[in-house]
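The structure appears right after this line, and notes come after that.
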Amino acid sequence: MMHSTLTKDLSVMLGIAVCGSMLAGCGGTKNNNKASSQPGKKFPTKPITLVVPWNPGGTNDLMARALQPIFKSKFNTDLVVKNSAGGGSAVGITEVITARPDGYTVGLASSSYLALIAQGKAKIGIDKITNICLVAEEPVILLVKAGGKYKDAKAFIEAAKANPGNISIGIPGAMSINEAYATILGKSAGVTFKFMPFSGGSRVITEIIGDHVDAGVLKPSESIDQIKAGKLVSIGIFNKDGLKELGNVPTFKSLGYDVFTYGDLRQVSFIMAPDKIGADEKAGLEKMFKEAIESSEFQKFASTSGMVAKPIIGKDLQTNLVDISKGLDKVSKEIWTKK
């Protein structure tokens, strides 16, 4: 019942916001589908607002703020970060979708929004927004307490086999890529885990260290400080290539577990804008964000945070997001809806 109510609430919220935006657009001048910034002047001519659909201090917020000084030094443009949290990112993304399509309001979306679409909680798909640039990929990892009961992934999975349904994994929120990957790992290993959803990554870390859960599935950016401090240990990575920042931590693929049976599941963040922005504005945004992400400053930030920052734009970005969405659609139908 709670899941059904949340779905309806988010869908209504998105519908009302979009309708309101359309009515506002019809009420004034003959505004058109494509909005352009000041004619005759090179974009941008004023600050750009970057909406982060999460609270301050989280991974996406830090990512956005890392871009601010780069935009100022490279392009002499102010990038104003605005936090609009709620609805699993639906509130902030809706704010961007319904903004004037002039290039001056963009959002930092992620796989979390793609998951909402897959679950039917968000009705506006990626074909109805303008996707600008991939910012970073954050491979999720399986973590346990340092010096605890599990020295490696093999020991953890053997414990799960010996205690069916009793080995707990903490996750930030419910029905996320984190939970999907751990569920797929369980299917591949022939075990069932007990999932414990919490309000965020920091709470999951507290529960692991306090011995209240056996493990957690988190992004490196959420846990790398505790790993470096010797409080947590990563025993497996849910990607194909590993992660340099974590050293010799094995991928689950290398351990013989197929965690890609549902397709290309990845935790990514990307810059998006309202539908039908002007071609000049879109090109300008693509150029600026791509150059900023490729800069040595942002690459250093990404590396130390356990992110892989390889910006892509245009058709390559759209194909990338469609592939992730297809994987999430399968997960939604075959895992989440059967819970």
**OP:** Return a yes/no flag: does the stretch 66-82 have any residue that is under 30 Å from W336 (Cβ atoms) and surrounded by 21 or more Cβ atoms within 10 Å (Cβ to Cβ).
**Re:** no
**OP:** Give the residues of the stretch 104-150 that are in contact with a Ser or Thr (Cβ under 7 Å, 6 or more places away or on another chain), closer than 23 Å to G306 by Cα and among the polar types (S, T, N, Q), sorted by residue number.
**Re:** S110, S112
**OP:** State whether the residues of the stretch 265-282 include one that is closer than 28 Å to L185 by Cβ, of a type outside the set (D, E), open to solvent by 10 Å² or more (accessible area, probe 1.4 Å) and under 17 Å from the mean Cα position of the chain (by Cα).
**Re:** yes
**OP:** Would you check which residues across the stretch 39-94 are under 21 Å from L134 (Cβ atoms), in a loop (DSSP other than H, G, I, E, B) and among the β-branched types (V, I, T) and list them?
**Re:** T77
**OP:** Would you please name the residue that is nearest to I177 (Cα to Cα), looking only at residues in the stretch 240-254 that are among the polar types (S, T, N, Q) and open to solvent by 20 Å² or more (accessible area, probe 1.4 Å)?
**Re:** S254
Original post:
Restricting the stretch 285-339 to residues that are under 30 Å from K42 (Cα atoms) and not in a helix (DSSP H, G or I), which is most open to solvent (accessible area, probe 1.4 Å)?
Top reply: K310
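Of K228, K219, which residue is in contact with a Ser or Thr (Cβ under 7 Å, 6 or more places away or on another chain), modelled with pLDDT of 90 or more and closer than 22 Å to M63 by Cβ?
Going through K228, K219 in turn, the sole match is K219.
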Original post:
Under 9 Å by Cβ, and 6 or more places apart or on different chains, what pairs join a residue from the stretch 268-286 that is in contact (Cβ under 8 Å) with a residue 40 or more places away in the chain with one that is aromatic (F, W, Y) and open to solvent by 20 Å² or more (accessible area, probe 1.4 Å)?
Top reply: G278/F43; D280/F43; E281/F43; G284/F43; L285/F43
Original post:
Got a number for residues in the stretch 97-120 being more than 22 Å from T45 (Cβ to Cβ) and either open to solvent by 20 Å² or more (accessible area, probe 1.4 Å) or modelled with pLDDT under 95 (or both)?
Top reply: 13
**OP:** All but one of (1) open to solvent by less than 10 Å² (accessible area, probe 1.4 Å); (2) modelled with pLDDT of 95 or more; (3) of a type in the set (V, I, T) hold for V259, so report the exception by its number.
**Re:** (2)
**OP:** Report the residue count in the stretch 95-136 for those that are over 17 Å from S176 (Cα atoms) and part of a strand (DSSP E or B).
**Re:** 11
Original post:
Does any residue in the stretch 179-192 that is farther than 17 Å from N166 by Cβ come within less than 7 Å, Cβ to Cβ, of a residue that is open to solvent by less than 10 Å² (accessible area, probe 1.4 Å) and part of a helix (DSSP H, G or I) six or more places away or on a different chain, and which pairs are these?
Top reply: A180/V331
**OP:** Go through the residues of the stretch 187-195 one by one and say whether even a single one is aromatic (F, W, Y) and within 23 Å of A302 (Cβ to Cβ).
**Re:** no
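The values are calculated or read from the model by the stated rules, or taken from the named source; none is laboratory data. What you see is a predicted model, and the numbers here were worked out from it, not measured in a lab. Please note: Cβ atoms are built from the backbone with ideal geometry, for glycine as well, and neighbour counts cover all protein chains shown. Heads up: the accessible areas ignore ligands, DNA and RNA and are worked out on the full protein's heavy atoms, side chains in. Shrake-Rupley method; radii C 1.70, N 1.55, O 1.52, S 1.80 Å.
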